[in-house]
1. Which value in nm describes the separation of the simple spin-label points at residue 90 and residue 41, placed 7 Å from the Cα toward the beta carbon?
2. Taking a virtual spin label 7 Å from the Cα of residue 109 along the C-beta vector, which residues in the stretch 11-27 bring their backbone nitrogen under 20 Å of it?
Amino acid sequence: MTQDVEKRWRDPATFRSAMWYAAIVVAIALLVMAVAVVWGLAVSDDRCVEESFAVCTAPAKQILAFGPPLVLLIGGLGALLRAYCTWRRHGTWPIWQGVGWALLVGMIVFLMFSFGVLVGS
C-alpha cells in the first residue's frame, strides 16, 4: 500500500480506464452539440438569414449552449466521485481527480464560448 504523499502513482490500468471515460464523456458532449446544430439548421426559416449564427431558434440555441456543458459537468462530477471511491480503496486516485478537473475546465470553456450564442437571443 502506498501513502498519499508518495509519488508512485503509476497505474496503467487506471490510466486507461480514466482516459476511456474522458473520451466517452467528450464524445457524448460533441454528439449533443452536433444534434443541436443539425436540429437548429433543420428548423431554421427565412428570419435566420439576418442572424450572424446559423442556429437561430430559441430551443436549439439553449440546447446548444447548455447541453454539452451539462454533459461535461455530470462527467466531471462522476470522475471526481470515482476519485473519491478509489481513494477510499487506497488506489491510484489522482488520475481520476485529474480527469474530473479537466472535464470541469472543459465545461467552463464551453460555457464561455457559448455565452455569445445566448447574448444574441
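1. 5.5 nm
2. The answer is 18-27, whose backbone nitrogens lie closer than 20 Å to the label point.
Every number here is computed from the coordinates shown, using simple stated rules; none is lab data. Just so you know, these numbers come straight off a predicted model, no measurement behind them. FYI the Cβ positions are ideal-geometry reconstructions off the backbone, even for glycines, and counts take in every protein chain you see.
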